1. Once phi is turned into ³J(HN,Hα) by the Karplus curve 6.51 cos²θ - 1.76 cosθ + 1.60 with θ = phi - 60°, what whole-Hz value does each residue of the stretch 84-101 show in order, with x for glycine and proline?
2. List the extent of the Cα atoms of the stretch 116-205 along each of their three principal axes, largest first, rounded to whole Å.
3. Report, by chain and number, residues whose modeled amide H sits under 5 Å from the one on Leu84, excluding near sequence neighbours (fewer than 5 apart, same chain).
4. Assuming 0.36 nm per residue, please report the length gained on full extension of the stretch Ala63 to Glu114 beyond their Cα-Cα distance.
5. Can you run phi through the Karplus equation (6.51, -1.76, 1.60; θ = phi - 60°) for the stretch 64-76 and list ³J(HN,Hα) in whole Hz, with x for Gly and Pro?
6. Tell me, what is the Rg over Rh of the stretch 44-165, with Rh the Kirkwood radius over Cα pairs?
7. Leaving out ligands, DNA and RNA, and with a 1.4 Å probe, what % of the accessible surface on the stretch 89-169 is carbon or sulfur?
8. Using label points projected 7 Å from each Cα along Cα→Cβ, tell me how many nm separate Glu204 and Thr145, to one decimal.
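The values are calculated or read from the model by the stated rules, or taken from the named source; none is laboratory data. Because the structure is a prediction, the values reported are computed rather than measured. All Cβ positions, even for glycine, are placed from backbone atoms using ideal geometry, and neighbour counts span all protein chains on display. Surface areas here come from the heavy atoms of the whole protein model, side chains and all, with no ligands, DNA or RNA. Shrake-Rupley method; radii C 1.70, N 1.55, O 1.52, S 1.80 Å.
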Amino acid sequence: MTTNRSITRSPVFLVGVLIVAAFAITIALNAGGDGGSDVAEATETAAVVITGESLPPFADDDAARGLPAPAVTGLSFDDSAVDLSQPAARIYGFFAHWCPHCQRELPIVQAWIEEGLVPDGVEFVAVSTAVERSADNFPPSAWFTDVGYDATVLVDDDNNSVANAFGLPGFPYWVATDGDGNVVARAGGAVDRNGFQALIALAEG
């Protein structure tokens, strides 16, 4: 994410400088008047508070099963509070806006949510992480809006602290917890309908 300067002291030159400066200020104010991209970017990443032990890195023989998931509080894209500090049956989906697999998966997940595949008593949380402002499909807030995603979304910080605390190996990534907040399953990569339902069943207990 060299100007050459010729100093002239004539009155005509000075008047011209003042006119150009005023014009530039007007353009800058107009460009920012509607909130612009600066406002949108302000919540693409945000501070998070994480308590509890981080999960071990994900592996096929998953050592995280039965461990309590880290408790997290933070913000969503609109600066509203997201409180995931209390144990609950949850499915966490970790997405990066630039990841082509995530770009295919998020609309599918939204369709499953609309179909009612996520039952009462299980919360689905999308974690937007690994934000790169120079990468494809930025900003993630616009992407989530375009997809029509309407469940909980947590914005990770610039250090990807939530992703790291949950042992993320790549994208997309899934973590299921039961009602006591303990990890019952983790999965890396895209999941199909059956895989998604299996995660939900494990979270339900």
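1. 10, 7, 9, x, 6, 6, 9, 10, 9, x, 9, 10, 10, 4, 8, 7, x, 5
2. 41, 27, 21
3. For Leu84, the qualifying residues are Val72, Thr73, Gly74.
4. 15.1 nm
5. 7, 4, x, 8, x, 6, x, 8, 10, 10, x, 10, 9
6. Looking at the stretch 44-165, the ratio lands at 0.94.
7. Ligands and nucleic acids excluded, carbon and sulfur give 44 percent.
8. It works out to 3.5 nm between the two label points.
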